[in-house]
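Novice: Below you'll find the structure I mean.
The values are calculated or read from the model by the stated rules, or taken from the named source; none is laboratory data. None of these values were measured; they are calculated from a predicted model. Glycine gets a Cβ as well: all are built from the backbone with ideal geometry, and neighbour counts include every protein chain shown.
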């Protein structure tokens, strides 16, 4: 088996999935760039699903609805709007989220409990349900609708984020996976939200899917950080509908291993796109930690360095500032011994086992002008590894988030 | 007893303390603003001391030296330079830090072990010890030297931070406390550092002093956040020399309670000055959490909100964005129930027990233009309280930290 990226692939590339979007007028100031603000993604066949929701204890209304429906693992569609997060934090919002899911479920003739619902946008403003009621009938779903759906969920995102991969046996495509996501942009005036949807036409055992989704999210979406502010709406939904016609993939098999690899590849790609499109970002920052005593410590160090304002501003300035990297690692809570630690930037060794190396600062400065800056940290005490993704902190981040909403 | 602030008070306001500073040429680009870059603070009498050091596992050389000397609790002087953090992270740096402390101890005729040492400035560059050797003999110590010492430890700080308080019995001054600190500015090109020195001419039992310093730091310096990046050099040193002539203050007494109050007042004032002078800051942000189930949860929520990039940018824009405040509280890890939570901004109630209140947005926007923005969060589940201090995140923060060092 080989896993390859599909050119121009998207969330309805896998068979049996359809999607569509409209402009329902959710943005008070008129249509946003990209125009669409209400979308539906749907599997024409029954699906096995797995999902993860925000760990924030302040949660938008749709999260309460999804929380009840995700455990059954049979979600086959999701309706999502941008422009309003449906986060008035009360029962009225939950009733609106349920009504929104019901509109989509009725349109497609399936049980309400099999539909998920997400909203992203401003908080503190009641969701204008009448606009969604007027919008849903106008949504035309098709297998070509993935890109429109990906655009409908965008808020301050500057590009749609979508990808698909094919798992092949020789030249034959056995099954495919598709995905799209939004964030980590922040919608004026409120909050960053990560929404990610993954589809596959493979048939996957429910429990296996749920296990793999959790593991994969821990290595991908949960390792993305833009500003450390976890949204009240973060949602990941994975649907597997079996439309490719193969046998059901079961735990402990070679097929499960291959599916896990394909899912990891897809989610890694989506995570990189998320981080690269962080608000105001001019660089994707990839932090690769190795030589850690445990996976947890490696994750912790990678995450802390990717989140450090000092590292992020240094990258914005193309500044090969290994001191900030080392000190950020040191405050992670995981033990970091400088005498055993080495740091690379764009592949150039700057610090090795406690010693600051001489290097051509201008050369590394120039290399840091590339769109991706790779920071390598070897802790020198074990074999565990982890990678985190973030973005630089620029003046534009401040402008986007500080400018008074008028 | 009453506790009052002393006009123009400083770190050598308490009796028996002297200080002085010179320009030793520690800044490669020529003297910094304020000129002084090497200072000594000294008690002419033996002292009881207590100190706290950074929890970062990547530590500058002086921290290793102080770590050995602080436990004895008899530090009576400290030598500090700015312009170089002595953080090459190796044994050579430790030898230099020891040599630096020895220079000061010899000048003043006391044991080396009774002197502390701190350095703040760029990392990765060997400390030019010869400049310190040349500088120390030129330092003239006097009871008027506190302000010069406070200036010598400044890096990107825009103002010296110093304060003193008097504990009075009627009109009679029983004893005084003085203090100065620096940070949380970041020295080009490297890192933020908090250095704080507190003096008192009260006589205080050693164990009591150590207990009070830890408790006070937890409620003050440890509740200050500028960018979440803990320095490798953070140091708090408190020296009590008994020069006021009163009886030794012992644990469990009324006097101990009064001393604790005076120390808290002094350290609170220093902490507020630290936060207000955060890099690029235009507002001091004070986050007051009440109604928490425990002190730990209150601290956690206050700290998380003060650190939130979204809250910080909203304050920079004078934006009464209660949604960001609530969501930041929710991701703190402490349980936050929106239906029980209330939020105020500059004393105006914006959100009450799950309900977004109508308020005059323009009025609150105008009130947020004051130098201090006070965020109140009542969690509605208990009696515990905590306050954290931070500052807004502005374009200048990014400029200060992103501009490539040339």
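Novice: Residues being surrounded by fewer than 24 Cβ atoms within 10 Å (Cβ to Cβ) and closer than 29 Å to residue B:180 by Cβ: count how many of those fall in region B:304-330.
Specialist: Final tally of qualifying residues: 1.
Novice: Any residue at all in region B:158-181 that is within 14 Å of chain A (Cβ to nearest Cβ) and either modelled with pLDDT under 95 or assigned to a loop (DSSP other than H, G, I, E, B) (or both)?
Specialist: For region B:158-181, residues within 14 Å of chain A (Cβ to nearest Cβ) and either modelled with pLDDT under 95 or assigned to a loop (DSSP other than H, G, I, E, B) (or both): absent.
Novice: While we're looking at this one, here's another question. Condition check: under 25 Å from residue B:227 (Cβ atoms) and buried (at least 16 other Cβ atoms within 10 Å of the Cβ). Does residue A:287 satisfy that?
Specialist: Working: under 25 Å from residue B:227 (Cβ atoms): yes; buried (at least 16 other Cβ atoms within 10 Å of the Cβ): yes.
Criteria met by residue A:287.
Novice: On to the next question. Restricting to region A:214-234, name every residue that is farther than 23 Å from residue A:392 by Cα, surrounded by fewer than 22 Cβ atoms within 10 Å (Cβ to Cβ) and touching a residue at least 60 places away in the same chain (Cβ under 8 Å).
Specialist: A:214
Novice: Conditions: (1) more than 28 Å from the chain's Cα centre (by Cα); (2) under 25 Å from residue B:163 (Cβ atoms). Residue B:322 meets all but one. Number of the miss?
Specialist: For residue B:322, the failing item is (2).
Novice: Taking region A:46-55, which residues are in a loop (DSSP other than H, G, I, E, B) and farther than 17 Å from residue A:113 by Cβ?
Specialist: A:54, A:55
Novice: Sticking with this structure for a sec: Could you please find all residues in region A:90-125 being in contact with a strand residue (DSSP E or B) (Cβ under 8 Å, 6 or more places away or on another chain) and within 13 Å of chain B (Cβ to nearest Cβ)?
Specialist: Across region A:90-125, the qualifying residues are A:90, A:120, A:121, A:122, A:124, A:125.
Novice: Which of the residues that make up region B:56-86 are in a helix (DSSP H, G or I) and away from chain A (no Cβ under 14 Å)?
Specialist: Result: B:62, B:65, B:66, B:67, B:68, B:69, B:70, B:71, B:72.
Novice: So which of A:38, A:53 ends up being more than 14 Å from every other protein chain (Cβ to nearest Cβ) and touching a helix residue (DSSP H, G or I) at 6+ places or on another chain (Cβ under 8 Å)?
Specialist: A:38
Novice: Report, by residue number, each residue of region B:194-218 that is at pLDDT 95 or above and either in a strand (DSSP E or B) or not assigned by TED's automatic domain parsing to the domain that holds residue B:163 (or both).
Specialist: Hits for region B:194-218 are B:197, B:198, B:199, B:200, B:204.
Novice: Which is farther than 20 Å from residue B:283 by Cβ, assigned by TED's automatic domain parsing to the domain that holds residue B:299 and in contact with a helix residue (DSSP H, G or I) (Cβ under 8 Å, 6 or more places away or on another chain), of B:348, B:336, B:343, B:355?
Specialist: B:336
Novice: Right, another one. Residues that are free of Cβ contacts under 8 Å to residues at least 60 places away in the same chain and either under 23 Å from residue B:118 (Cα atoms) or in contact with a strand residue (DSSP E or B) (Cβ under 9 Å, 6 or more places away or on another chain) (or both): does region B:270-281 have at least one?
Specialist: Taking region B:270-281 and keeping what is free of Cβ contacts under 8 Å to residues at least 60 places away in the same chain, we get none.
No, region B:270-281 contains no residue that is free of Cβ contacts under 8 Å to residues at least 60 places away in the same chain and either under 23 Å from residue B:118 (Cα atoms) or in contact with a strand residue (DSSP E or B) (Cβ under 9 Å, 6 or more places away or on another chain) (or both).
Novice: Something else about it: Being facing another protein chain (nearest Cβ under 9 Å) and out of contact with any strand residue (DSSP E or B) (no Cβ under 9 Å at 6 or more places or on another chain) is the filter here; which residues of region A:356-378 pass it?
Specialist: Result: A:361, A:365.
Novice: Scan region A:116-156 residue by residue and report those that are under 30 Å from residue B:357 (Cα atoms) and assigned to a loop (DSSP other than H, G, I, E, B).
Specialist: If the condition is that a residue be under 30 Å from residue B:357 (Cα atoms) and assigned to a loop (DSSP other than H, G, I, E, B), then A:123, A:124, A:125, A:126, A:127, A:128, A:153, A:154, A:155, A:156 are the ones that fit.
Novice: Does residue A:307 qualify as being facing chain B (nearest Cβ under 9 Å) and over 30 Å from residue B:363 (Cα atoms)?
Specialist: yes
Novice: Determine whether region B:123-142 contains at least one residue that is under 23 Å from residue B:286 (Cα atoms) and at pLDDT below 95.
Specialist: No, region B:123-142 has no match at all.
Novice: Let me ask another. Select from region A:220-241 the residues that are within 10 Å of the chain's Cα centre (by Cα), more than 14 Å from chain B (Cβ to nearest Cβ) and not in a loop (DSSP other than H, G, I, E, B) and list them in ascending order.
Specialist: A:221, A:223, A:224, A:235, A:236
Novice: Collect the residues in region B:87-102 that are outside any loop (DSSP other than H, G, I, E, B) and either outside the structural domain of residue B:68 (by TED's automatic domain parsing) or surrounded by fewer than 21 Cβ atoms within 10 Å (Cβ to Cβ) (or both), keeping them in residue-number order. So that I can check it myself, show each step before the final result.
Specialist: First pass over region B:87-102, keeping only residues outside any loop (DSSP other than H, G, I, E, B): B:91-102.
Scanning region B:87-102 gives B:91, B:92, B:94, B:95, B:98, B:99, B:102.
Novice: Would a scan of region B:4-13 turn up a residue that is in contact with a helix residue (DSSP H, G or I) (Cβ under 7 Å, 6 or more places away or on another chain), without any contact (Cβ under 8 Å) to a residue 40 or more places away in the chain and over 20 Å from residue B:158 (Cβ atoms)?
Specialist: no
Novice: Out of everything in region B:379-398 that is buried (at least 20 other Cβ atoms within 10 Å of the Cβ) and touching a strand residue (DSSP E or B) at 6+ places or on another chain (Cβ under 7 Å), what residue ends up being farthest from the other protein chains (Cβ to nearest Cβ)?
Specialist: Among them, the one singled out is B:387.
Novice: Now for a separate question. It is to be established whether one or more residues within region B:178-188 are surrounded by fewer than 22 Cβ atoms within 10 Å (Cβ to Cβ) and in contact with a strand residue (DSSP E or B) (Cβ under 8 Å, 6 or more places away or on another chain).
Specialist: Yes; the residues of region B:178-188 include at least one that is surrounded by fewer than 22 Cβ atoms within 10 Å (Cβ to Cβ) and in contact with a strand residue (DSSP E or B) (Cβ under 8 Å, 6 or more places away or on another chain).
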